[in-house]
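Participant: Encoded as structure tokens, here's the structure I'll be asking about.
Since every read-out is calculated from the coordinates, none of them should be taken as a lab result. Every value quoted in this text rests on a predicted model; they were computed, and no experiment measured them. Here the Cβ positions follow ideal geometry from the backbone for every residue, glycine too, while neighbour counts run over all protein chains shown.
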Amino acid sequence: MISKKKKISIIDVARVAGVSPATVSRVLNKTARVSPELSGRVISAVKELNYVPDPFAHGMRTKRTKTIGLIISDITNPFFPELARGAADCISSSGYSLILCNTDAEPRKEKEYAQLLLNKGVDGLMFTSLRVGVENIRSIMDEGIPCILAGRKTDDIKGLNHVVTDNYKGGCIAGGYLFKLGHRRFLHVSGPLDNSTGKERLAGFLDTLREYGVDERDITIINGDFTMKGGYESAEKILTLKPYPSAIFFANDAMAIGALQKFWEERIDIPEVFSIIGFDNVRISALIAPPLTTVSQEIYEIGRLSAEILIKIIEGERGENIILEPKLIERRSCRCTG
Ligand code: RIB
């Protein structure tokens, strides 16, 4: 379990006293008036549990370090630098500093970095995946360290705010666009399906095609991993299929770009052979050949808004959840079949 202190926490005291952790904090730090009755309950619980406030945690509450940790999973995916840029701009203009960690999507590294950032006394943590583990995020939040999820969401952690794109709608946009271009044989290279992002993009795509009456047998799904390498490998698989699909929806641009490399190596004409649509609208997607048609997310804003909300929480205000709208960006990687 990731924890600043593995002993009795303020949460335990709050539970025994039957008050909120904030009330315990007010009593112990004398930062606000609390009724004698509640105060008495807190003091009794402190004695009963032998609770000793962590001097470092206390320092964090009163003298902040003015640093925020951002944990990203894949710095080679152009999505993350743009998200980090949005976060960094907000963080520095608010008088905080950013510590950025890259985990290569490895849960072990994610936990190690989270622990490292806590040991450095960050005032808050921004996560871009849940690989650190739901329990660990809960425990970090229980210790009074604000967290936020940028570009992902979960219902499994009460009080964890998020800024995310409407991924289901994005999947619908991709499906509807390809269908209206006249395509009837589809393939989706999904993101990891253990998170809401991958699942919702797939669900939106499938639901839309079903609504248009597309037969399940005309939809192939390949499980992807959101990486360029994964995209390249998915293209190798696609080239073994008979018959080919005519339209491919990649769950992110990084995979679409990886696949385009393979198609280029094999001299496959895009969009003549395959119409390709991505998801993200990373900057480089406009610069490749052919320029990639994609479903855009406001990546910079996801980072900026997440940081803004996190700083509000750190400074004692309420957090909020934000869902951003996806938008179709038409370029040259899809063709009309009619
Ligand atoms: O994990 C990375 C992916 O998730 C990004 O490419 C973006 O699509 C995000 O939502």
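Participant: Rounded if a/c is under 1.5, else prolate if a/b is larger than b/c, else oblate: which is region 167-297, with a ≥ b ≥ c the root eigenvalues of its Cα gyration tensor?
Facilitator: Rounded, since a/c falls under 1.5.
Participant: Which entries in K242/K262; K153/K327; K158/K229; K109/K229 show an alpha-carbon gap greater than 23 Å?
Facilitator: Over 23 Å apart, Cα to Cα: K158/K229.
Participant: While we're looking at this one, here's another question. For region 288-296, take each phi angle, set θ = phi - 60°, evaluate the Karplus expression 6.51 cos²θ - 1.76 cosθ + 1.60, and give the result in whole Hz per residue in order, putting x for glycine and proline.
Facilitator: Each residue's phi maps through the Karplus curve to give 8, 10, x, x, 7, 6, 7, 9, 8 Hz.
Participant: Between C336 and E266, how high is the FRET efficiency from 1/(1 + (r/R0)^6) when r is the Cβ-Cβ distance and R₀ = 22 Å? Nearest 0.05.
Facilitator: 0.40
Participant: May I ask you to derive the FRET efficiency for A289 and S44 from their Cβ-Cβ distance with R0 = 51 Å, giving the value to the nearest 0.05?
Facilitator: 0.10
Participant: Further question: Taking the highest mean first, how do the peptides 211-220, 247-256 order by number of other beta carbon atoms within 10 angstrom per residue?
Facilitator: Packing order, densest peptide first, comes out as 247-256, 211-220.
Participant: Under unit Cβ charges (Lys, Arg +1; Asp, Glu -1), what dipole magnitude, rounded to 20 debye, does the chain have relative to its Cα centre?
Facilitator: 980 debye
Participant: A follow-up question, please. Students often check this: by mean Cβ neighbours within 10 Å, which of 325-335, 197-207, 276-286, 99-109 ranks highest, and how do the rest follow?
Facilitator: 276-286, 197-207, 325-335, 99-109
Participant: Which one, L28, A251, H183, projects farthest toward the positive side of the charge dipole computed for the chain from Cβ point charges (K/R +1, D/E -1)?
Facilitator: So the residue furthest toward the plus end is L28.
Participant: Using the Karplus curve 6.51 cos²θ - 1.76 cosθ + 1.60 with θ = phi - 60°, what ³J(HN,Hα) values do you get for each residue of region 154-159, in whole Hz, with x for Gly and Pro?
Facilitator: Values, residue by residue: 8, 9, 7, 10, 5, x Hz.
Participant: Based on alpha-carbon atoms only, what is the radius of gyration of the chain relative to the globular estimate 2.2 N^0.38 Å?
Facilitator: Normalised by 2.2 N^0.38 Å, the Cα Rg of the chain equals 1.17.
Participant: Around S97, which amide H atoms from residues at least 5 apart in sequence, or from another chain, sit under 5 Å from its own amide H, with H modelled in the peptide plane?
Facilitator: Amide H neighbours of S97: T67, I68.
Participant: Compute log10 of I(q)/I(0) for region 159-240 with the Debye formula, placing one identical point scatterer on every Cα and leaving out solvent, at q = 0.13, 0.15, 0.19, 0.20 Å⁻¹, to two decimals.
Facilitator: Cα-only, vacuum Debye calculation for region 159-240: -0.43, -0.57, -0.86, -0.94.
Participant: Separate question: Extending each Cα 7 Å along its Cβ direction at E216 and K327, get the distance between those two points in nm, one decimal.
Facilitator: With each label point 7 Å from Cα toward Cβ, the separation is 3.7 nm.
Participant: Pop the C-beta distance of R85 and D156 into the FRET formula with R0 = 30 Å and round what comes out to the nearest 0.05.
Facilitator: With a Förster radius of 30 Å, E is 0.55.
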